[in-house]
Amino acid sequence: MTIKEIAALAGVSASTVSRVINHPGSKAASKEVENRIWQLIRENSYVPNSLARNLKMHGSDAGGAATPPAIGCIFARTHTSDLFFSKITRGIEKEALRSGYTVKYIYSYQDIQNPDIQKTIRQTKVDGTAILGRPNSVTRNFLKENCSRIVYTGLNTIESEFDQITCNAYLASKTAVSYLAELGHVHIAYLGERKNEIRYRGYWDAISQLSLPINRELIIDTPLSTEGGYLATRKLLSLKSPVTALFCANDLTAIGAIKAAMEAGQRVPEKLSVIGIDDIETSQYTTPMLTTIHIPTEELGIMTAKILIDRIENGKRLPMKVELPFRLIKRESCAPPPRTQI
């Protein structure tokens, strides 16, 4: 499969495919076209001719044709269409391709409960596996039994011998809460998961260290999804608690929260400020635009692939932990609280 053939299947020029592969962020194609190109690359195991050294390094198949080394990806906590982890996967794919590797499969934790998928994973030879998000004990044991090299990436660190590529969601959460406090907010709610969740711990510690009142009514345990944020905000507002700001554990939850607040007549940010974590692309197109903590998702993927490929090619054994930086993105969804509620 050549770059021209990928281009023909995608219905674009070869130069467009080349820019999508080699120049991230160039906006050479729409998101839809870019996704189609990467899907075709994955399905056809495309590897650039200029990276043939890796094919020679890793040998050839029974017919004598060069077989590119391969990586597998497992979404350990969510589905494969998840916006946050999909962006990480794109980074893995780009770095893998640059290094002469293919991404042979991408499965969710739900997929690998299926005996047929488990059989496919056992029979599909990959040189290493990236785990995206925290795996439960069953998933972890399955991967340890069937994958020779594993690198984990996500926002929570895990107790494991795996290499770990993370962004410090604990400090990111404290930064979000501190920003709301700087604006004058005292009654700050938490919307998100609580069990074993470092973002919740960051919220709790920030509230405590800032000497803000701890009101358990303002802590809503909810799935990290648009629906979760929507339903949690409706519940919170029905309690009539003196809340002036919402810290949402991810952007999807925040987007749902904004919708529920607006429907209830709580204008954002005039009456209720909302902040999220992730900085997914959609956060720039909400009304108002979402203030959030930027997580370098594509860079997490790139670094995950780099570490995994280093493991494959150099056989290092000492587990590594790499932490990438986050930053606060100030947009339109946060403002000082109404004077009557300060």
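The values are calculated or read from the model by the stated rules, or taken from the named source; none is laboratory data. Since this is a predicted model, take the numbers as computed values, not measurements. All Cβ positions, even for glycine, are placed from backbone atoms using ideal geometry, and neighbour counts span all protein chains on display.
Observations on the structure shown:
- Residue count for region 219-256, restricted to those that are among the hydroxyl-bearing types (S, T, Y) and in contact with an Asp or Glu (Cβ under 6 Å, 6 or more places away or on another chain): 1
- Positions within region 190-199 being surrounded by fewer than 22 Cβ atoms within 10 Å (Cβ to Cβ) and under 20 Å from T233 (Cβ atoms), in sequence order: E193, R194, E197
- Set S178, S211, S173: member being polar (S, T, N, Q) and not in a helix (DSSP H, G or I): S211
- Residue within region 27-47 that is buried (at least 17 other Cβ atoms within 10 Å of the Cβ), of a type in the set (A, V, I, L, M, F, W, C), modelled with pLDDT under 60 and over 30 Å from N141 (Cα atoms) present: no
- Restricting region 226-264 to residues that are part of a loop (DSSP other than H, G, I, E, B) and at pLDDT 95 or above, the residue that is surrounded by the most Cβ atoms within 10 Å (Cβ to Cβ) is A249.
- Close pairs (8 angstrom Cβ cut-off, 6 or more residues apart or separate chains): more than 23 Å from L155 (Cα to Cα) and in the same structural domain as M303 (by TED's automatic domain parsing) in region 82-107, part of a loop (DSSP other than H, G, I, E, B) and aromatic (F, W, Y) anywhere: L97/Y46; T102/Y46
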